[in-house]
Amino acid sequence: MRLVLTFYLPQCFTFYTLLYCVRQSSSDSNGAPVSGGHRLKFGDGRPKHGTDEIVQFPDTKNFFENYVLSSKPLKMTGAAKLSPAFRLWEDDYFINMPMPPGNKVTVETRKKENRTQPTTEMHFKEFVLVYNDTDQYMVNSVPKFLGKDIILPGPLQCDEITNQGYLTEALMWFSSGGTNSVVHTDSVDNINCLYRGNKEFVMVDPHKYGDKV
């Protein structure tokens, strides 16, 4: 199982999920010259740089002044554990809980994202029963009956965000693993909360390479 919850906000925490690869001289197994990153996993053609890492959430002032306003990525280890969802969200929990009969969610039909591929809708419980045996994965706003399991990240618990419409959406990504996104730029800023599995990001500073997107 891979479960990711994404909180979307208007543009203030801005990163492009793109790594710009500078051309450099190298050769393949036959001695033919290739560009840096050619035939490698996306992002492997350039040196990797770490990000700041803290335990749980920073205070609001530190978060916005040192990371949001400077468009600087931050890894918050253990922060997602504050939500009951981290402990509760398992297949059996979803299957056995009461939920509205008409509750439908949007489901992608292939694990490798293609923005032109068709999506489908199905009842949330039906999805939980089949996702392990198919390539389907869910990308949908958190269903209302699951909202009680989520605690809004501490730095976002201020009046300007919670009561003035700055929190655009809380999106739930749910799959059996092995999904891949296309290279893209999100139109809103986001905080990703990983509840199950692993998720790898390749990002670039938009202030340095935004014109290369």
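Just so it is clear, none of the values below were taken in a lab; they were calculated from the coordinates. Quantities reported herein were computed from a predicted structural model and do not represent experimental measurements. Here Cβ is always computed from backbone atoms with ideal geometry, including for glycine, and neighbour counts include all displayed protein chains.
Place a label point 7 angstrom from the Cα of MET97 along the Cα-to-Cβ direction, then list the residues of segment 52-80 whose backbone nitrogen is under 20 Å away.
79-80
Quickly work out the HIS184-to-LYS212 label distance, labels modelled 7 Å from Cα along the C-beta direction, and quote it in nm with one decimal.
2.2 nm
Please give, to one decimal in nm, the separation of the simple spin-label points placed at GLU53 and LYS75, each 7 Å out from Cα toward the Cβ.
Rounded to a tenth, the inter-label distance reads 0.4 nm.
If a paramagnetic tag sat 7 Å from the Cα of THR106 along the Cα-Cβ line, which residues of segment 163-193 would have the backbone N under 19 Å from that point?
Under 19 Å, as judged by backbone N against the label point of THR106, lie 167-176, 179-193 of segment 163-193.
Quote to one decimal, in nm, the extra length available between GLU160 and MET203 on full extension: 0.36 nm per residue of separation minus the C-alpha distance between them. Provide the component values of the computation, followed by the final result.
On the way: separation 43, 0.36 × 43 = 15.48 nm, distance 2.75 nm.
Gain on stretching GLU160 to MET203: 12.7 nm.
Tell me, in nm to one decimal, what length is gained between ASN62 and THR119 on full extension, where the rule is 0.36 nm per residue of separation less the Cα-Cα distance?
Values: separation 57, 0.36 × 57 = 20.52 nm, distance 3.98 nm.
Full extension from ASN62 to THR119 adds 16.5 nm.
What whole-number value in cubic angstrom gives the convex hull volume per residue for the C-alpha atoms of segment 68-108?
Dividing the Cα hull volume of segment 68-108 by its residue count gives 172 Å³.
Got a sec to turn the phi values of segment 73-80 into Karplus ³J(HN,Hα) couplings, 6.51 cos²θ - 1.76 cosθ + 1.60 with θ = phi - 60°, whole Hz, x for Gly and Pro?
Per-residue couplings from phi come out as x, 9, 9, 10, 5, x, 5, 5 Hz.
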